[in-house]
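Contents: one structure, followed by commentary.
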Amino acid sequence: MLRINNLEVVYQKIIIALRGISLDVPEGKIVALLGSNGAGKSTTLKAVSGLLAGDGGQIIDGSIEFQGEVIDGITPDALVRKGIFLSMEGRRIFKGLTVEENLTAGAYTRKDRLNIKGDIEKIYEYFPKLKVLNNRKAGFLSGGEQQMLAIGRGLMAKPKLLLLDEPSLGIAPLLVKEIFQNIKKIKQEEGMSILVVEQNANVALSIADYGYIMENGRVVMHGESAEILANKDISEHYLGIGNENSGKEKAFRRRQRVVW
Amino acid sequence: MIFFFQMLINGIVVGSIYGLVALGFVLIYRASGALNLANGEFVIFGPYICLMLMTALQVPFLVALLITLIFSAILGLAVERIVVRPLQNAPVISVIMATIGLSSLLAGAVHMIWGHSTKTFPPVFPQTPLNIGGIIVTPVYLWSFIVVLVLLIIFSIFFKYSKIGLAIRAVADDQQAASSMGMSVKFVYAATWTIAAIVAAIGGVLIGNINGVNPTMASIGLTVLPVVILGGLDSVIGAIIGGFAIGILQNMAGGYLDPLVGGGLKDVVPFIIVLLILMLRPHGLFGSRGIERV
Ligand SMILES: Nc1ncnc2c1ncn2[C@@H]1O[C@H](COP(=O)(O)OP(=O)(O)OP(=O)(O)O)[C@@H](O)[C@H]1O
Ligand SMILES: [Mg+2]
């Protein structure tokens, strides 16, 4: 469904953020994109949704295909209409709009205007907290509530491919599990494909079919979620999943990499 | 006392028109952060065209007004397309400078086409003054007020409930997030410039009916600055209330103080008020620093 080939991206014409990454999101699957800070995860998602220009970024090589069509260079609004929706990092809800207006904004490009009211109610079922706050200005919501709103807004778009950038940011651990289960459920009901970027690798891999790990603008490893989780080396080395005493070793390896 | 009410009513009517024109100004500022310093010229183009249609071509007022609004919409669209859009990725200050240039250009065009003598509208509204409890109200004032009120109501409904209104507010809030929703920022910019040009033209036609038309009307563009600064640059409600406030204070100053100092105070008063308000409230009466919640 989505295929990224050897994509290279620079910011401000000089800062290299992606150094030729390739990845695939098959139809109907959830793919997790993991990696350390600054690895280029958000850049990848912004490239797919055409939003690089707003940050001074630009694709210099490689290509992005969606349903067999090359899509780099298409405007962000046209991409949303094609069915690609990015829920951006850092919530980015509209602070001056009410909760309900934010959800409506998510459905902006949808043609089936009559179903929107009903779908908002569905979002309220997944996130009952939002229902209580529906007429509140979104800027006055707590961080976690804003994050739920951001996810809800993405679901309102009913995209074919949903890109989620750190959906668990600022949400209580217990709720994170629940939200990810919800995401999986909605995916099955709506038949979406999902590419999710996460710091919380454990949770992301628990719902994902496939995982990619990025470092320094490159994909350093990829595989079935179960494989990644089962491989102790990988999960300790790159994802910080593991037991207590592996911490020291990890710190050492990180320093080594930096020096190199 | 009658004199006081007379001044009050004049102030309310003129102020409501300020509010309407300021609305367009605020809209552009909210969507793109740019100040449209050619707003005054947007105001004078409308009445001149309307007047020309009515006198030279004998077109009835409402038809002339409609054509004027269509023309204004095209003017707004053209300015956005030709002047603003090429500067989309330039600093906001470049856009502001460009509007200053545009303002001289349009002002020059007005002088060239229509000269600088004052022209009066043929009577559009009924002429017999109304006497409301001793206060004389000319119908043109009453009608202007009604028109502005209706427009303001239509606009608030439009912003609150229409799809375009939602997109304008979303783009004003967070441009990149709005484009990630599939909203076209270009379309929103075009819409705000179009609306600004239309409300400016309507304001101009109303004022033209009250005072006659001449190129100095462009100074309303300057008067609108205190209005929006008073209301808070980014607040639509603030613009409307600011409009009333400036209109009333200006007319009071004109009525009571001008005779004492020999005139001229009327035009300065808005700026004095704004200076005072800004000392007390740097963000204007209704302006926000944006809702911040961490
Ligand atoms: N707007 C920008 N201008 C310049 N450089 C940028 C910009 N955005 C990101 N970068 C750089 O590109 C690289 C990749 O950033 P990106 O945001 O994609 O990382 P990330 O993997 O999402 O990290 P995180 O986990 O911290 O969100 C970083 O080195 C970053 O400094
Ligand atoms: Mg990121």
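The values are calculated or read from the model by the stated rules, or taken from the named source; none is laboratory data. Only a predicted model underlies this, so the values are computations on that prediction, with no experimental measurement involved. When we count neighbours, we look across all protein chains shown, and the Cβ atoms used for this are built from the backbone with ideal geometry, even at glycine. The area values use the complete protein model at the heavy-atom level, side chains included, leaving out ligands, DNA and RNA. Shrake-Rupley method; radii C 1.70, N 1.55, O 1.52, S 1.80 Å.
Summary of computed values
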{"read-out": "From phi via Karplus (6.51, -1.76, 1.60), per-residue ³J(HN,Hα) for the range A:197-213 in Hz, x at Gly/Pro", "value": "9, 8, 7, 7, 5, 4, 5, 4, 5, 5, 9, 7, 8, 9, x, 10, 10"}
{"read-out": "Check: the protein assembly as shown dipole with +1 on Lys, Arg Cβ and -1 on Asp, Glu Cβ, in debye", "value": "320"}
{"read-out": "Three-way shape label, the range B:1-121, alpha-carbon gyration tensor, a/c 1.5", "value": "oblate"}
{"read-out": "Percent of C-alpha pairs per 5 Å bin, the range A:1-97, short to long", "value": "3, 12, 23, 26, 21, 10, 4, 1"}
{"read-out": "Cα radius of gyration and Dmax for the range B:55-128 (Å)", "value": "16.8, 54"}
{"read-out": "Farthest toward positive dipole pole in chain A [+1 Lys/Arg, -1 Asp/Glu at C-beta], among A:V48, A:G139, A:L174", "value": "A:G139"}
{"read-out": "Helix B:92-114 vs. chain B, principal-axis angle (Cα, 0 to 90°, nearest 10)", "value": "40"}
{"read-out": "Value of D in µm² per second that Stokes-Einstein yields for the range A:87-222, Kirkwood Rh from Cα pairs, at 25 °C (0.890 mPa s)", "value": "160"}
{"read-out": "Residue-level accessible surface for B:T223, protein heavy atoms, 1.4 Å, Å²", "value": "20"}
{"read-out": "Whole-Å semi-axes of the ellipsoid equivalent to chain A (Cα gyration tensor, √5λ, descending)", "value": "30, 23, 17"}
{"read-out": "For A:L86, distant residues with modelled amide H under 5 Å away", "value": "A:L163"}
{"read-out": "Rg(Cα) / (2.2 N^0.38 Å) computed for the range A:11-155, rounded to two decimals", "value": "1.15"}
{"read-out": "Equivalent ellipsoid, the protein assembly as shown (semi-axes from 5 times Cα gyration tensor eigenvalues, Å)", "value": "56, 23, 21"}
{"read-out": "Average accessible surface area per residue within the protein assembly as shown, 1.4 Å rolling probe, Å²", "value": "45"}
{"read-out": "Cα shape, the range B:84-202, gyration tensor, a/c 1.5 rule", "value": "oblate"}
{"read-out": "Rule-of-thumb Rg ratio for the range A:61-102 [Cα; 2.2 N^0.38 Å; N residues]", "value": "1.53"}
{"read-out": "Mean residue ellipticity (222 nm) of chain A, computed from DSSP H runs ≥ 4 via -39,500 (n - 2.57), nearest 500", "value": "-11500 deg cm²/dmol"}
{"read-out": "Sparsely packed GluC sites (Glu not before Pro) within the range A:1-99, loop by DSSP, other Cβ within 10 Å at most 12", "value": "A:E27"}
{"read-out": "Listed residues A:L162, B:L35 arranged by accessible area, highest first, probe 1.4 Å", "value": "B:L35, A:L162"}
{"read-out": "Max mean-square fluctuation residue, GNM over chain A, Cα-Cα springs under 10 Å, options A:P167, A:P159, A:P128", "value": "A:P128"}
{"read-out": "Number of partner chain Cβ atoms within 10 Å, mean per residue of A:87-93", "value": "3"}
{"read-out": "Helix A:173-190 vs. chain A, principal-axis angle (Cα, 0 to 90°, nearest 10)", "value": "70"}
{"read-out": "Folded to 0 to 90 degrees: helix B:219-231 orientation relative to chain B principal axis, Cα", "value": "60"}
{"read-out": "Angstrom value of the Kirkwood radius, inverse mean 1/r, which spans all Cα pairs in the range B:196-274", "value": "13.3"}
{"read-out": "Kirkwood Rh and Cα Rg combined as Rg/Rh, the range B:2-213", "value": "1.01"}
{"read-out": "Shape of the range A:113-184, Cα gyration tensor, a/c cut at 1.5", "value": "oblate"}
